[in-house]
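Visitor: Once you've had a glance at the structure underneath, I'll fire off some questions.
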Amino acid sequence: MKKTFPEKFLWGAATAAHQVEGNNTHSDYWTMEKLEGTTFKEPSGDAVDHYRMYREDIALMAELGLNTYRFSIEWARIEPQEGIFNVEALDHYRVVLAACQESGITPIVTMHHFSSPKWLITVGGWESEGTPARFARYCEYVMSELGSMIPYVCTINEANISVGIAKVIKQFTAGKETFAQVGLQTDMQQRMVTYYGALGKAFGIDPRQVQHFLSPRTKRGFSLIFEAHMAARVVIRRVSPATKIGLTMSLFDIQASSGGEENAQHEHQEEFLQFIPYLKGDDFFGLQNYSSETYGPDGLMPIPEDAERTQMGYLYNPEALEQVIRYVSKHIDIPIIVTENGTATDNDERRVEFINRAISGVHACIQDGIPVQGYTHWSLLDNFEWMLGYTKTFGLIAVDRNTQKRMPKPSARHLGTIAQSNACPNEY
Ligand code: BGC
């Protein structure tokens, strides 16, 4: 029997402004990518020129059969200087939203996806008490102008991400895992020192005060991020009452091997459970998952030697998504949208398989009554993978960055076919 999805299920793909648009010159990362000792493998530059080619990309999505596009509005473009809003940038996103409408694509808009205006860092960044209000002011400006065209808004992408970053840094300093696994230099620590020196100079503040979104967070810093979400929710509700509001979180499927139950529970608490109170009043939860982690009595267990890994060094585990959805649904009672899920690979057949297995898991959850309303694959296009530059390929569509030509991979057509049939792939 055909395993169908609910009517109006959101099938799509996701991007983030800084990773695809190109020339995000007023942002913090644009500055950081170019610094001496930078931890970025390469600068983002023109990225995949999506700021110019959005129309073609949206039309291509529709042609592939997808009905949803998750993308982000870039704060640094909208408010390049504190308190000064750029009408041209706002109008750009107005036209992007209109292009979605024309193509029958439902937009899910993210207001903050890692990159911030450079000025925000100078005034204290994501550890400043003033940041929730600043973020809400930017959201109010955008949503009062564009909200009527935005059915879903994610205020902040991966609000919990610094928990994971702190973990990677801990593993690195404990010498358990090297950054070489994900393609970074092993002399990272020394480079960090140089980089942070240059960073302080570039932002005109003490380097210890440079707090961009992916910096290790203090406890108060975490609260500030979630307070920014809540402050944004209040203003968005007021200026655009019809828009559904949520945030997104990065969640590994956390498993315990024998004796690791307590460690696993600790991770659940750190990564997810502690933040639940802030979600009260949200309309949906944006769930993002890429893999799983297993905890034993001594902590995080290494990935078995013979297991398949993605280009990111993660365990290839498409079933992780189903497990995370099930876990999350036990703790919250709002609809879930899978706002990111995917795999970095240069073997597109592995992506097709990943999609089949992940989607089959989503279907099983829905069958069991869990309200999953959509699935947006990461990513629409091969793009700028932050510090790792253009070396990791998550895209359904390849891009020749010399010509900016788009080349849909078989996985793009595959996901489009699934979307059109609104059912699990045949083999499941
Ligand atoms: C982020 C994306 C990133 C993706 C793949 C997520 O954590 O939201 O910006 O490219 O993972 O690593």
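The values are calculated or read from the model by the stated rules, or taken from the named source; none is laboratory data. In this text the structure is predicted, and so the values were computed from the model without any measurement. When we count neighbours, we look across all protein chains shown, and the Cβ atoms used for this are built from the backbone with ideal geometry, even at glycine. In case anyone asks, the SASA skips ligands and DNA or RNA and just uses the protein heavy atoms, side chains included. Shrake-Rupley method; radii C 1.70, N 1.55, O 1.52, S 1.80 Å.
Visitor: Please list the non-local residues whose amide H lies under 5 Å from the amide H of A13, H modeled 1.01 Å from N, same-chain partners needing a gap of 5 or more.
Guide: Amide H neighbours of A13, under 5 Å, 5+ apart: T68, R70, H377.
Visitor: Can you give me the long-range amide H partners of G395? Hydrogens built in the peptide plane at 1.01 Å from N, cutoff under 5 Å, separation of 5 or more residues or another chain.
Guide: S379, D382, N383
Visitor: Work through the residues other than S329 whose Cβ is under 13 Å from its Cβ and net out their charges, Lys, Arg +1 and Asp, Glu -1. Display every interim value, and only then the final one.
Guide: Numbers: positive: R326, K330; negative: E322, D333, D368.
Neighbourhood net charge equals -1.
Visitor: Along the Cα-to-Cβ line of E88, 7 Å from the Cα, sits a label point; which residues in the stretch 5-39 have backbone N less than 15 Å from it?
Guide: 23-26
Visitor: Here is a follow-up. Can you work out ³J(HN,Hα) from phi for every residue in the stretch 300-314, in order, using Karplus 6.51 cos²θ - 1.76 cosθ + 1.60 and θ = phi - 60°, giving whole Hz and x for Gly and Pro?
Guide: Karplus-based 3J(HN,Hα) across the stretch 300-314 equals 4, 8, x, 6, x, 3, 8, 7, 6, 10, 8, 4, 7, x, 7 Hz.
Visitor: Can you list the residues, at least 5 places off or on another chain, whose amide H is less than 5 Å from the amide H of G45, using H built in the peptide plane?
Guide: Sorted by chain and number, the residues that satisfy this are N23.
Visitor: Okay, moving on. For the chain, with the dipole built from +1 on Lys and Arg beta-carbon atoms and -1 on Asp and Glu ones, taken about the Cα centre, which of A99, N24, G12 lies farthest toward the positive end?
Guide: A99
Visitor: Once fully extended, how much extra length lies between T218 and R237, figured as 0.36 nm per residue of separation less the alpha-carbon to alpha-carbon distance? Mind dumping the intermediate values first?
Guide: Values: separation 19, 0.36 × 19 = 6.84 nm, distance 2.89 nm.
Full extension of this stretch gives 4.0 nm more.
Visitor: Taking θ as phi - 60°, what are the ³J(HN,Hα) couplings along the stretch 281-298 by the Karplus curve (6.51, -1.76, 1.60), each to the nearest whole Hz, with x for Gly and Pro?
Guide: Result, ordered by residue: x, 6, 9, 7, 10, x, 9, 10, 9, 10, 5, 10, 9, 10, 10, x, x, 9 Hz.
Visitor: Which value, in debye to the nearest 20, describes the size of the charge dipole of the stretch 10-421 about its Cα centre when Lys and Arg Cβ atoms bear +1, Asp and Glu Cβ atoms bear -1, and nothing else is charged? Kindly include the intermediate steps, with their values, before the conclusion.
Guide: On the way: 36 positive and 50 negative charges, 142 e Å.
Charge dipole, the stretch 10-421, about its Cα centre: 680 debye, nearest 20.
Visitor: Using R₀ = 30 Å, calculate the FRET efficiency as 1/(1 + (r/R₀)^6) where r is the Cβ-Cβ separation of L273 and I169; round to 0.05.
Guide: E between L273 and I169, to the nearest 0.05, is 0.85.
Visitor: Hey, if we sort K330, K244 by accessible area with the 1.4 Å probe, largest down, what's the order? Please list the in-between numbers first.
Guide: Working: K330 155, K244 90 Å².
The ranking, largest first, comes out as K330, K244.
Visitor: Another question, then. At what distance in nm do the modelled label points of R309 and N347 sit from each other, each positioned 7 Å from its Cα along Cα→Cβ?
Guide: Rounded to a tenth, the inter-label distance reads 1.5 nm.
Visitor: Here's a follow-up. Excluding ligands, DNA and RNA, what is the solvent-accessible area per residue of the chain at a probe of 1.4 Å, expressed in Å²? Write down the numbers at each step before the final one.
Guide: Values: 17010 Å² over 428 residues.
With all protein chains present, the chain gives 40 Å² per residue.
Visitor: Using a 1.4 angstrom probe on the protein heavy atoms only, could you order D346, D46, D57 from most to least accessible area? Don't skip to the end; give the middle numbers.
Guide: Numbers: D346 135, D46 85, D57 0 Å².
Accessible-area ranking of D346, D46, D57, largest first: D346, D46, D57.
Visitor: Quick check: residue separation of T25 and A98 times 0.36 nm, minus the Cα distance between them. What number comes out in nm? Write down the numbers at each step before the final one.
Guide: Working: separation 73, 0.36 × 73 = 26.28 nm, distance 2.48 nm.
Result for the pair: 23.8 nm of gain on full extension.
Visitor: Here's something else I'd like to know. Using a 1.4 Å probe on the protein heavy atoms only, what accessible surface does H26 show? Give it in Å² to the nearest 10.
Guide: Roughly 90 Å² of H26 is accessible to a 1.4 Å probe.
Visitor: Quote the relative contact order of the chain in percent (integer), defining contacts as alpha-carbon pairs under 8 Å separated by 6+ residues. Numbers along the way, then the final one.
Guide: Numbers: 839 pairs, mean separation 88.5, N = 428.
With pairs under 8 Å counted, the relative contact order is 21 percent.
Visitor: Once Lys and Arg get +1 and Asp and Glu get -1 on their Cβ, which of M301, T345, I366 lies farthest toward the positive end of the dipole of the chain?
Guide: I366
Visitor: Assign one of three labels to the stretch 10-421, namely rounded, prolate or oblate, based on the Cα gyration tensor with a ≥ b ≥ c the square roots of its eigenvalues; rounded applies when a/c is under 1.5, prolate when it is not and a/b is larger than b/c, and oblate otherwise.
Guide: On the way: a/c = 1.21, a/b = 1.03, b/c = 1.18.
The shape class here is rounded.
Visitor: Can I ask one more? Local charge sum around A423 (other residues, Cβ-Cβ under 11 Å, Lys/Arg +1, Asp/Glu -1)? Please report the intermediate quantities before stating the final value.
Guide: Numbers: positive: K2, K3; negative: none.
Summing Lys and Arg as +1 and Asp and Glu as -1 gives +2.
Visitor: Distance from a point 7 Å along Cα→Cβ of R326 to each backbone N in the stretch 289-304: keep the residues under 15 Å and list them by number.
Guide: Under cut-off, by backbone N: 292-293.
Visitor: Could you give the length gained on full extension between A133 and Q367, defined as 0.36 nm per residue of separation minus the Cα-Cα distance, in nm?
Guide: Working: separation 234, 0.36 × 234 = 84.24 nm, distance 4.10 nm.
That works out to 80.1 nm of additional length.
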